[in-house]
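**Q** Encoded as structure tokens, here's the structure I'll be asking about.
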Amino acid sequence: MKWTKKVSPGAFTSGAKVRAEEDALRQSRRDPFLPHGSRTPGQAGQEPTRQGGFLPGAQLHSDLLPTLEDQLGSLSKVLNRSDLRQDPAKKLALILEIQPQISLTLEQTIRIAQQITPGPVPKPFHRSDQHFEDFKCFRLHGLDEFIRDSLKNGFESLRQKYRWVTEELISPTERYIHLERVDHNPLWWSITRTTVLLKGSELDIICGHWLHEGLEEMVYELEDVTRLADPRRIHNIDTSEGAMQGLSNAAIKLSKPFIPIVKLSRLFFVKISRQGRNIDQAPSFTEMSSDQFNVLKCSATKIGESMSNLVHLLIEADIDDRPDTSRYLIKEIEKITPLFPSYVALLMLYIVPFFPDTNGLSPQIYFRDWFVSWNTSFSVATYNAIQAVHFFEQDEP
């Protein structure tokens with residue numbers, strides 16, 4: 001978003017001090033936020049130090065990354081569009097003060113990250129790193145990705161906008177100014193994810209990913225499929241092609257048995273996430289390999305995508321040929337069905353044993369019974385949905 005403001009003559013004539021700050025700002029704009037060096041002499045390529053803990057990572061998540069986040073917050077306030085033109089001398093001074101602080105923090109962050117990952121980083125889907133504890137490949141790869149991609153791209157975007165805004169600050173006074181919003185959110189989000197990656201337990205990382213990448217999608221799909229099955233609310237559904245005008249009775253009937261599938265899919269992940277929150281302090285690592293960890297971490301995303309595909313097919317049920325709709329719906333159901341048993345196996349082996357007792361039952365016994373009950377309900381739901389699909393296809397007008 002942009003806004004336009006006429007600047008009155010003399011708005012920036014604040015004397016020699018401002019001119020000196022402008023000169024310094026011009027100099028700093030050449031490479032704002034650029035660290036002076038990526039390694040410190042004598043520390044390059046060192047092996048990570050670990051004495052009872054992930055010490056280099058701890059310095060990142062407990063000190064450097066929070067500091068970087070605070071510094072970005074301070075810069076964001078200085079570059080606030082609404083009052084950027086108020087007291088420009090003070091704004092210039094603050095920018096000159098914050099910029100080298102960010103550069104120093106960046107330099108330290110990159111140096112520590114390179115201590116942790118001094119050489120080539122293995123792929124995140126490693127199958128035999130169970131014994132690496134805090135140094136499993138998914139953590140190292142995530143940190144390396146943060147430094148090489150997220151941090152680099154985020155600051156490149158910030159650098160461009162920073163140059164643009166500071167150019168406006170020291171520009172001639174008699175002109176129209178178009179001040180573009182400086183968005184730090186991608187960088188903040190990247191810092192938050194990396195902090196969780198370094199600091200959080202494997203269970204915390206998995207459940208956090210479920211919440212942001214899969215469960216939200218399932219909530220939306222549950223709302224949509226519920227509307228599809230309710231003819232009184234069908235006109236409220238929007239699709240990428242435009243507002244739905246209403247489905248046939250056959251399509252409405254077809255949608256109803258899919259509601260339990262979406263509900264049960266969401267319940268599966270909600271149950272584990274809630275139980276995980278009951279752990280006083282989850283261990284930072286399990287005996288999973290990085291490959292197994294990523295299977296669990298991405299499980300809600302994969303199921304959420306399948307739920308989205310199912311709902312899209314139901315929305316288009318009256319548009320596409322019925323045999324095609326039926327074939328694709330059954331194919332999607334058959335794709336989902338074998339996934340959950342693989343998730344259950346990993347959860348029972350590596351996650352459930354850390355859960356607290358429930359109603360006097362050990363977590364292994366409680367969740368064994370719960371998964372059996374859930375699987376029975378899910379099998380009934382998928383069977384009913386497939387039967388409805390066959391009926392929909394045979395009932396073609």
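The values are calculated or read from the model by the stated rules, or taken from the named source; none is laboratory data. Values in this document were obtained by computation on a predicted structure and should not be read as measured data. With ideal geometry, Cβ positions are generated from the backbone for all residues, glycine too; neighbour counts draw on all protein chains shown.
**Q** Could you go through region 287-295 and let me know if any residue there is crowded, with 18+ Cβ neighbours inside 10 Å, hydroxyl-bearing (Ser, Thr, Tyr), at pLDDT below 95 and not in a helix (DSSP H, G or I).
**A** Taking every residue of region 287-295 in turn, at least one turns out to be crowded, with 18+ Cβ neighbours inside 10 Å, hydroxyl-bearing (Ser, Thr, Tyr), at pLDDT below 95 and not in a helix (DSSP H, G or I).
**Q** Tell me which residues, restricted to region 297-309, are surrounded by 23 or more Cβ atoms within 10 Å (Cβ to Cβ) and either in contact with an Asp or Glu (Cβ under 6 Å, 6 or more places away or on another chain) or closer than 18 Å to Leu198 by Cα (or both). Give the steps one after another, and end with the answer.
**A** From region 297-309, those surrounded by 23 or more Cβ atoms within 10 Å (Cβ to Cβ) are 299-300, 303-304, 307; that's our starting set.
Within region 297-309, Gly304, Met307 qualify.
**Q** State yes or no: is Ser74 of a type in the set (Gly, Ala, Ser), within 19 Å of Glu156 (Cα to Cα), within 25 Å of the chain's Cα centre (by Cα) and at pLDDT 75 or above?
**A** Against the criterion (of a type in the set (Gly, Ala, Ser), within 19 Å of Glu156 (Cα to Cα), within 25 Å of the chain's Cα centre (by Cα) and at pLDDT 75 or above), Ser74 qualifies.
**Q** I would also like to ask the following. Of everything in region 264-286, what is closer than 30 Å to Asn384 by Cα and either crowded, with 21+ Cβ neighbours inside 10 Å or not hydroxyl-bearing (Ser, Thr, Tyr) (or both)? Give them in sequence order.
**A** Passing the criteria: Leu264, Ser265, Arg266, Leu267, Phe268, Phe269, Val270, Lys271, Ile272, Arg274, Gln275.
**Q** Now for a separate question. Which one of these is farther than 29 Å from Thr286 by Cβ, at pLDDT 95 or above and not aromatic (Phe, Trp, Tyr): Thr382, Thr301, Thr376?
**A** Thr382
**Q** If the Cβ limit is 8 Å and pairs must be 6+ apart or interchain, which residue in region 105-124 that is in contact (Cβ under 8 Å) with a residue 24 or more places away in the chain and under 20 Å from Phe138 (Cβ atoms) pairs with which residue that is among the aliphatic types (A, V, I, L, M) and assigned to a loop (DSSP other than H, G, I, E, B)?
**A** Final answer for the pair search is Gln114/Ala44; Pro118/Ala44.
**Q** If a residue must be surrounded by 15 or more Cβ atoms within 10 Å (Cβ to Cβ) and aromatic (Phe, Trp, Tyr), how many such residues does region 379-397 contain?
**A** 1
**Q** Of all residues in region 196-224, how many are among the hydroxyl-bearing types (Ser, Thr, Tyr) and outside any helix (DSSP H, G or I)? Outline the logic, then answer.
**A** Just the residues of region 196-224 that are among the hydroxyl-bearing types (Ser, Thr, Tyr), to begin with: 201, 220.
Those left that are additionally outside any helix (DSSP H, G or I): 201.
Selection size over region 196-224: 1.
**Q** Can you tell me which residue in region 118-141 is nearest to Leu65 (Cα to Cα), limited to those that are surrounded by fewer than 20 Cβ atoms within 10 Å (Cβ to Cβ) and either of a type in the set (Phe, Trp, Tyr) or in contact with a Pro (Cβ under 7 Å, 6 or more places away or on another chain) (or both)?
**A** Within region 118-141, the match that is nearest to Leu65 (Cα to Cα) is Phe135.
**Q** A further question follows. Within region 367-378, which residues are surrounded by 12 or more Cβ atoms within 10 Å (Cβ to Cβ) and not charged (D, E, K, R)?
**A** Phe367, Trp370, Phe371, Trp374, Asn375, Ser377, Phe378
**Q** Sticking with this structure for a sec: Name the residues in region 359-388 that are within 15 Å of Ser273 (Cβ to Cβ) and not in a helix (DSSP H, G or I), would you?
**A** none
**Q** Also, quick follow-up: Looking at region 102-119, can you tell me whether even one residue there is within 17 Å of Ser289 (Cα to Cα) and among the acidic types (Asp, Glu)?
**A** Within region 102-119, the first condition is being within 17 Å of Ser289 (Cα to Cα), and the residues that meet it are none.
So far as region 102-119 goes, no, none of its residues is within 17 Å of Ser289 (Cα to Cα) and among the acidic types (Asp, Glu).
**Q** Which of the residues belonging to region 238-273 are at pLDDT below 80 and either over 17 Å from Asp318 (Cβ atoms) or in contact with an Asp or Glu (Cβ under 6 Å, 6 or more places away or on another chain) (or both)? Working first, answer last.
**A** Applying the first criterion (at pLDDT below 80) to region 238-273 yields 238-247.
Listed by number, the list holds a single entry, Leu247.
**Q** Those residues that are hydrophobic (A, V, I, L, M, F, W, C) and more than 22 Å from the chain's Cα centre (by Cα), I need them from region 289-322; list them, please.
**A** Passing the criteria: Leu310, Val311, Leu313, Leu314, Ile315, Ala317, Ile319.
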